[in-house]
Structure formats: C-alpha cells, structure tokens
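Below is one structure; the comments refer to it alone.
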Amino acid sequence: MSIRLEDVSYTYLPNSPYECNALQNIDIQIEEGEFIGIIGHTGSGKSTLIQHFNGLLKPTTGRVTVDDIDLGSKSADLRAIRQRVGMVFQYPEHQLFEETVFEDIAYGPKNMGLSTEKISSMVQKAMSTVNLDFEKYRYMSPFTLSGGEKRRVAIAGVLAMEPKYLILDEPTAGLDPKGRNEILVNIEQLHKKEKMAVVFVTHSMDDIARLADRLIVINSGRIIFSDTPRKVFKEYEVLQKTGLDIPTVGRLMLELQKKGWNVRNDLLTIEEAKNEIMKHAREVGRNA
Amino acid sequence: MLKDITIGQYIPGDSALHKMDPRTKIIAVVVYMIGLFLANTQSAYLFVTIFTACIIILSQVPLIMLIRGIKPLWIILLLTLGLHIFMTEGIPIWQWGILKITAEGLKMGLFMVLRLIYLVLITSLLTLTTTPILLTDGIENLLKRMFVPVAHELAMMMTIALRFIPTLIEEAEKIMKAQMARGADFESKSLLARAKSIVPLLVPLFLSAFRRADDLAMAMEARCYRGGENRSRMKELKLAARDAIAIAIILCFAAVSILLRNGV
C-alpha cells in the first residue's frame, strides 16, 4: 500500500501566455510508515507536488494512485482519500474558524459522518497527540491561543481524521524555537509510535537531516535527488547551485576539512559531529 | 472558478487609448454614454456601431477579452430582448395565442440589447487600457475639480480595493483547499452541502482580510501616510494634444448622435 505518482506533469494555465510547467515527469512512491523529506527552493514546485497526493490538484498528464485507487477515475471517492491522506498546509492556523477548539478539531471527523461519541474520542486522541490538554482547551476559542498553540490545534484538526499518510507543508515556519521543537517532537512521535507515513516539506536542513528516512530534492519541477539524507547531502555542490543548503553540522565538517582536519563530512546530527571531532582530537593527541 | 473574475483587469499595450490621459478617457466614456442613449434610429445605431468598432480597433485590445466581459451578461441581454419583443404594442408580424411579436418590439429589443453591449464594451475598454493606479488618479483629480471634499480618500479606497481583489481570491483558494483537505464539500451538487461549507471559508477569509487591513494601515503609517493634504505626486497627470483631439472627436460623436436622433 502506497501513494504512487507515475510520470506526473502539471501545467498551470495551459494554452495561455501565462503557461507554466510546475511539475515535469515526476515518479514518486511513498510507502506506509516512511518518513520523507521534500526540499527545494521557493517556487520549485514542492507545494504543487504535495497537492497531488490527496487529489486537490489533478495532474495534467500522468497518474496518481493512493493504495491502488486511481485519483483520476470517476469512481474515486476523493473525500475518503483526503481522510486517508491528511494534509497540513502552510500556516494552518489561518484555516481555523470554529468558536471552540473542540469544534474546530471535530470539523474533519464530522465531515466523515461519524457518531458524536466517536468524534469526541477522536478529538481527544488528536489533542493528546499534540500535547493539548483536553479539559483545559476544549471550550477555549482558538483565536485566543498563542501562535504555537493555534498551529497545534490546526494540526490536530487533520490528525483527528486519523490519516494513514500525513503531509506537512513547512509546519514550523514562523514559530519560535519552543513552538518549533514541540511540533517536531509531536511529528516524530506520530511517525515512531503510530507508524504514520510522514511527508515533510521544509527549508530547515537540520530538522530534515535528523528526521527523514528519504529525502526528495526538487528543482524547477523535476526531482534531482531521491535518496537517504546522508547520500543527498554529500552532493552539497549541486545542492548549493540550486539555492539549497546542507545541515549546519555538514557545513561545520566541511570547514574543518578545509582547515586540514581529517574528518568525515557526511554527518547529520550534532551527536555524530561530536563523536567525530572527539575521535579526531584523540588521534591528534596520540600522535603528538 | 474564482479565476474568471476580471474586474479591473488591465492589458498592457501601446495604443493611442493606452497613452491617453485617464481623465480624458473617463470624460469620453461619459459623453459616449450620452451619445449612445440618445440614439434611437437605425441610422444613429449604424453610426454608433461604426464608431464603437473604430475605438475597439484603435485600442488594440484582443476581441476575445471584450467578449469574455459580455458573456456573464447573456441572461440580462436575453431578458431585455424577450421583454421588448413580446411586450411592445404595434403591428404584429407573428402571433401564437397571446404571444405576438411586433415590428416595433423587434426593433426596440435589438436596440436595447445593442445599447447594453456597447455600454459594457466601452466601460471595459476603459479598465482594459488604463492601469488601476492611473484610473484612480484620474478619478481623484476629477473629483477634486468638482470640489468633492474627500476625493483623495475615495480614490485611495478604490486603489486598495482593486489591488486586493487578486490577493483575496488567492487567499480564498488557499483556504478552500485547506478545508477540502478536511473533508469540506465545495464541489457537491447539493445546495445544502455547499451552503454549509461557506462558513469555514468565510470566517478565515474575513479574519485574513482584517489582518491584512491592519498590516497595510500600519505599513502606510510607518511611511508617514496622512491622507491627501499637501500630498505631492511623482507623476503628475498632464494633458497632451492627443487628449484635445480625443475630446473633440467624442463631442462630434455626441453631436452627430443628437442630429441623427432628430432624423436629419
């Protein structure tokens, strides 16, 4: 079971002077339980791409299937697909509209036509997933909350539908470090504990290096890399040419290499970097 | 579906109409309307048709853009035609039960339809050949000359409103998609389902409009905006020989239209 894109191309405003090929010949397969990072500079087609995963956009050519259901066919129930493929847009707090936190999170499950008790339990579960205390927040207006809390309510609104695949478009943009960390921890736990497949669009190379199993890099509507973060970030020269960066740790190691240190440069986390530097320091110490 | 809204659309170009002073164009449109509404004979309509066609050719605006502007009016056009054809008293040329078509009715109906079409054509030509900024500058200037006290504020409101139409459309589409991802039904045939899905769209849209208004007001104040008093302009509107010629032509148009009305 997987989300599969076969030779997908998407053109904005076809046959007009403003025609724009946003995606070209994309082939992607997202397996259950995978954690995929999508990176690319602004305007590279990331947001267009993810909107194909739940049928919000229909490919101009090519085919999208979710768990073997062809989204292009007339019989495909797109609302059921959108329940299965949860999508959190950029600045999701801008889509809050209900009077209470509970009602807003319940909007998705309500649209699925479930019973009141079931909805209530789903909302409760979603709220605990994003660390919002049910009794404390349920009657509060979402508009009185802080930025980070609002974002977590909006994410809970998607999680409440219990999707199998979760797609997040820059979920940490515009949050303070505390809010960012809380959301990253929530997402990590969803992936590890609930085995949810996560597709994570971001500009933060540090976050994605640590979290993703596989990294997809797109540039001008084409996939240029699709591999483990370690292998992708090895191509730092190509990445930098397309306007992307590598994780801070990788940059540090490259700088150290330039200074003549004999260290690896394909490291992703601070922990790895620490060990490598210690190892090097010990060697230097022994030789001295 | 929201992309079909074409209010305030401008097509860049280099025609005589594009270069004309916006004030001239506004006045010309008003005079044209007078001429158009005075026309009531076949020869007058023939004259108006030829004149309108000349202006359209002069503007170099693709005809398809103009036709697109008329399309949404077809119901009104059909209704006008129908009402006039069947309701005007006169010599019947066709009769079926109580329904009868009179020669006068047919003539009146066609005239009214043409009148409406030309009206829309010329006013859309105005916005198609004038940038929104120039248009509001022109309106502001004209209002000031008519001693309207809040001319600048009115014009600024129009400019901002026009500027934010595409932004709000984009915003609405974004919110629609986000709610669709949560199972909202904007595409359903059922009217009830669609009406229900309006609230989740409108509340965030209003909120974002207010947020934008707040931000814009703050940004304008930060740049020392304080209304129209003593405000100078980087680009002053200046009348050229072209404008004098245009005014002369449009006045001639109105005169001929009046003459034809009296059956000369």
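Pick from A:Asp70, A:Asp27, A:Asp77: which is among the acidic types (Asp, Glu) and either farther than 22 Å from B:Ala178 by Cα or in contact with a helix residue (DSSP H, G or I) (Cβ under 9 Å, 6 or more places away or on another chain) (or both)? The unique qualifying residue is A:Asp27. Considering the stretch A:68-99, and only residues there that are part of a loop (DSSP other than H, G, I, E, B) and touching a Pro at 6+ places or on another chain (Cβ under 6 Å), the residue that is nearest to the other protein chains (Cβ to nearest Cβ) turns out to be A:Phe97. Residues in the stretch B:158-184 that are surrounded by fewer than 17 Cβ atoms within 10 Å (Cβ to Cβ) and among the charged types (D, E, K, R) were compared, and the one that is farthest from the other protein chains (Cβ to nearest Cβ) is B:Arg163.
Among the residues examined, B:Leu81 does not qualify as surrounded by 11 or more Cβ atoms within 10 Å (Cβ to Cβ), under 19 Å from B:Ile122 (Cα atoms), of a type in the set (A, V, I, L, M) and touching a residue at least 12 places away in the same chain (Cβ under 8 Å).
Does the stretch A:113-160 hold any residues that are more than 14 Å from every other protein chain (Cβ to nearest Cβ), over 24 Å from the mean Cα position of the chain (by Cα), part of a helix (DSSP H, G or I) and of a type outside the set (Lys, Arg), and which are they? First the steps, then the outcome.
The initial filter retains those residues of the stretch A:113-160 that are more than 14 Å from every other protein chain (Cβ to nearest Cβ), namely A:115-118, A:120-121, A:124-125, A:127-140, A:146, A:148-149, A:152.
Filter again for over 24 Å from the mean Cα position of the chain (by Cα), leaving A:115-118, A:120-121, A:133-140.
Now narrow it down to the ones that are part of a helix (DSSP H, G or I): A:116-118, A:120-121, A:134-137.
Selection gives A:Thr116, A:Glu117, A:Ser120, A:Ser121, A:Phe134, A:Glu135, A:Tyr137.
Residues being within 12 Å of chain B (Cβ to nearest Cβ) and over 11 Å from A:Met161 (Cα atoms) are represented in the stretch A:101-112 by at least one member.
Restricted to strands (runs of 3 or more DSSP E) entirely inside the stretch A:181-279, those with at least 3 residues that are closer than 30 Å to A:Ala160 by Cα and at pLDDT 90 or above are A:197-201, A:214-219.
Residues checked against (1) within 14 Å of another protein chain (Cβ to nearest Cβ); (2) at positive phi; (3) assigned to a helix (DSSP H, G or I):
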site	(1), (2), (3)
B:Leu205	yes, no, yes
B:Arg212	yes, no, yes
B:Met218	no, no, yes
B:Cys224	no, yes, no
B:Arg233	no, no, no
B:Asp243	no, no, yes
B:Ala246	no, no, yes
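Once the stretch A:131-164 is narrowed to residues that are basic (Lys, Arg) and closer than 14 Å to A:Ile187 by Cα, the residue that is surrounded by the fewest Cβ atoms within 10 Å (Cβ to Cβ) is A:Lys164. Inspect the stretch A:92-107 for any residue being surrounded by fewer than 18 Cβ atoms within 10 Å (Cβ to Cβ), touching a residue at least 24 places away in the same chain (Cβ under 8 Å) and more than 25 Å from B:Ser208 (Cβ to Cβ) and give the result as yes or no. Within the stretch A:92-107, not a single residue is surrounded by fewer than 18 Cβ atoms within 10 Å (Cβ to Cβ), touching a residue at least 24 places away in the same chain (Cβ under 8 Å) and more than 25 Å from B:Ser208 (Cβ to Cβ). With respect to B:Glu187, is the statement that it is surrounded by fewer than 14 Cβ atoms within 10 Å (Cβ to Cβ) and more than 20 Å from A:Gln90 (Cβ to Cβ) true? Judged against the criteria, B:Glu187 is a match.
If you go through the stretch A:272-286 and keep only what is closer than 16 Å to A:Ala209 by Cβ and of a type in the set (Gly, Ala, Ser), you end up with just A:Ala273.
Anything in the stretch A:26-47 that is crowded, with 22+ Cβ neighbours inside 10 Å and among the polar types (S, T, N, Q)? List them, or say none. The one that is crowded, with 22+ Cβ neighbours inside 10 Å and among the polar types (S, T, N, Q): A:Ser44.
The values are calculated or read from the model by the stated rules, or taken from the named source; none is laboratory data. Just so it is clear, the structure is predicted and the values come from calculations on it, not from any experiment. Glycine also receives a Cβ, built like all others from the backbone with ideal geometry; neighbour counts cover every protein chain displayed.
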